Amino acid sequence: MRPPESLMPSRRLPSSSTMRRGTHSRAAYLGRAAVTSFVASALLALLFGMPACADDAAKTCDPEGGPVAGDADLHCGTKVVVLAPDACTAEDDGGPAEVDPRYNGEGEDDDCKYHVTWTATNACFEADAYFEITLSSRFGNAPQVGAAPRIEGHLANDVGHTLVDADQRSVELGGGRYRVGPVRFDATGEWVVTFHLYEDCNHTESSPRGSISFLVDVP
């Protein structure tokens, strides 16, 4: 049997002022959460180099640039240079005779000390390009470590128009492999890209120091 309504406990509905306070508290909480999320994203961007928003994503290439196809590099013939690491401190001879840039993605360095292969990632107009370089000796085909390659370049038809160095770094991957970049091509067309090797050495015919240039097509 249901008790009379006068004896039933009353249920008080929240007042309009209480409801407003709850709404305001929730809005304040959501505002604080949004600020906290923004600050966290900014801190991640500063600490780890992560983009704080999608608009900051690095440019990617479609199509990708790469080697200019042509004749294989045969300038060394049967010449093989045996490296002498102690020659690093010998008197510098001013460098090797200039050799034309190579076609394709492999060739021999100017001194015929090394066989060099390469691939490029993101090689197109105004993108941050990286090169993966693999280096082995012509004598014994041994992987070469500690080369710390550095890249420079210029337009094939304008030596004064040089490659933009976007704070490039050389990372050794093991087994004679290196990842170098970023660099930036600020024009389309054919570029001459040079890999400098073992620049902490003086150059002699048998010292580790060397260089090699390739033609790169940049769309």
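Quick note: the coordinates plus some simple rules give every number you see, no bench work behind them. On a predicted model such as this, the values are computed, not experimentally measured, just so you know. Because the Cβ atoms are built from the backbone with ideal geometry, glycine has one as well, and the counts that use them run over all protein chains shown.
If the chain between GLU152 and ASP186 were fully stretched, how many nm would it gain, using 0.36 nm times the residue separation less the Cα-Cα distance?
Details: separation 34, 0.36 × 34 = 12.24 nm, distance 1.33 nm.
Roughly 10.9 nm would be gained on extension.
Across the stretch 71-82, in residue order, what do the Karplus-derived ³J(HN,Hα) couplings come to in whole Hz, using 6.51 cos²θ - 1.76 cosθ + 1.60 with θ = phi - 60° and x for Gly and Pro?
Going residue by residue, I get 5, 5, 7, 10, 5, 7, x, 9, 5, 9, 9, 8 Hz, with x marking Gly and Pro.
In nm, what is the difference between 0.36 nm times the number of residues separating LEU74 and ASP165 and their Cα-Cα distance? Mind showing how you got there, number by number?
Working: separation 91, 0.36 × 91 = 32.76 nm, distance 3.04 nm.
Length gained, LEU74 through ASP165: 29.7 nm.
What are the ³J(HN,Hα) couplings of the stretch 166-171, residue after residue, when phi is run through the Karplus curve with 6.51, -1.76, 1.60 and θ = phi - 60°? Round to Hz, x for glycine and proline.
Here the 3J(HN,Hα) series is 8, 6, 5, 9, 10, 10 Hz.
Taking the mean number of other Cβ atoms within 10 Å as a proxy for protection, how do you rank 186-193, 65-72 from highest to lowest?
Top to bottom by mean Cβ count within 10 Å: 186-193, 65-72.
Give, as a single signed number, the net charge of other residues whose beta carbon lies under 15 Å from the beta carbon of ARG179, with Lys and Arg counted +1 and Asp and Glu -1. List each step's numbers first, then the result.
Values: positive: ARG150, ARG169, ARG177; negative: ASP128, GLU132, ASP167, GLU172.
Net of charged neighbours comes to -1.
Bin all alpha-carbon pair distances of the stretch 129-219 at 5 Å intervals from 0 and give each bin's fraction as a whole percent.
Calculated P(r), rounded to whole percents: 3, 14, 23, 23, 18, 12, 6, 1.
Hey, can you rank 118-124, 161-167 by average C-beta count inside 10 Å, highest first? Could the numbers behind the result be given before it?
Details: 118-124: 21.4, 161-167: 13.9.
Descending mean neighbour count gives 118-124, 161-167.
Would you mind working out the magnitude of the charge dipole of the stretch 85-219 relative to its Cα centre, with +1 at each Lys and Arg C-beta and -1 at each Asp and Glu C-beta, to the nearest 20 Debye? Provide the component values of the computation, followed by the final result.
Working: 9 positive and 25 negative charges, 107 e Å.
Dipole magnitude for the stretch 85-219 comes out near 520 debye.
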